[in-house]
Amino acid sequence: MTFNIRGAYHMDGRNVWLRRRGNNVRTNRDASPDQIRFHELQRGNLRAYERGRPFYRRLLGPAYENRRPHSYNAIFWDPGR
């Protein structure tokens, strides 16, 4: 499963991460993928997925963006599969 989640700190009006977070994590949980690949993962997204999918292992790619908050291309995977 792949998500371009647009980070956690963009000011997106009605689509701000705090409003999308629950649905995003719930959609992922319901799909129960072997792997999740993220584009634009930021610390706020990471915290939500660490709580929502605590048994998944993760690997963050190199930080990008010229200033904080940095973003990461990341992979989460279910080690039991």
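Worth a mention:
- Rel. contact order, % - alpha carbon contacts under 8 angstrom, at least six apart, the chain: 34 percent
- Overall size of region 1-41 from C-alpha positions, given as principal axis extents largest first: 31, 18, 9 Å.
- For the chain, the per residue solvent-accessible surface stands at 66 Å², with DNA, RNA and ligands left out and a 1.4 Å probe.
- Surface share of carbon and sulfur [accessible, 1.4 angstrom probe, percent] for the chain: 47 percent
- Burial order of peptide ranges 42-53, 21-32 (average beta-carbon count within 10 Å, highest first): 42-53, 21-32
- The angle between the Cα long axis of helix 43-52 and the main principal axis of the chain comes to about 30°, on a 0 to 90 degree scale.
- Acute angle (nearest 10 degrees) that the helix 17-31 long axis makes with the longest principal axis of the chain, alpha-carbon atoms: 20 degrees
- Region 40-81 shape via C-alpha gyration tensor axes, a/c threshold 1.5: oblate
- The chain: C-alpha pair distances exceeding 17 Å, %: 41 percent
- Charged-residue dipole, Cβ positions (Lys, Arg, Asp, Glu), the chain about Cα centre, Debye nearest 20: 260 debye
- With the charge dipole of the chain set up from +1 on Lys and Arg Cβ and -1 on Asp and Glu Cβ about the Cα centre, the Cα lying farthest toward the positive end among the listed residues Trp17, His70, His39 is that of Trp17.
The values are calculated or read from the model by the stated rules, or taken from the named source; none is laboratory data. Computed from a predicted structure; not experimentally measured. Backbone-built Cβ (ideal geometry, glycine too); neighbour counts: all protein chains shown. Side chains are part of the model used for accessible areas, which takes the heavy atoms of the whole protein and leaves out ligands, DNA and RNA. Shrake-Rupley method; radii C 1.70, N 1.55, O 1.52, S 1.80 Å.
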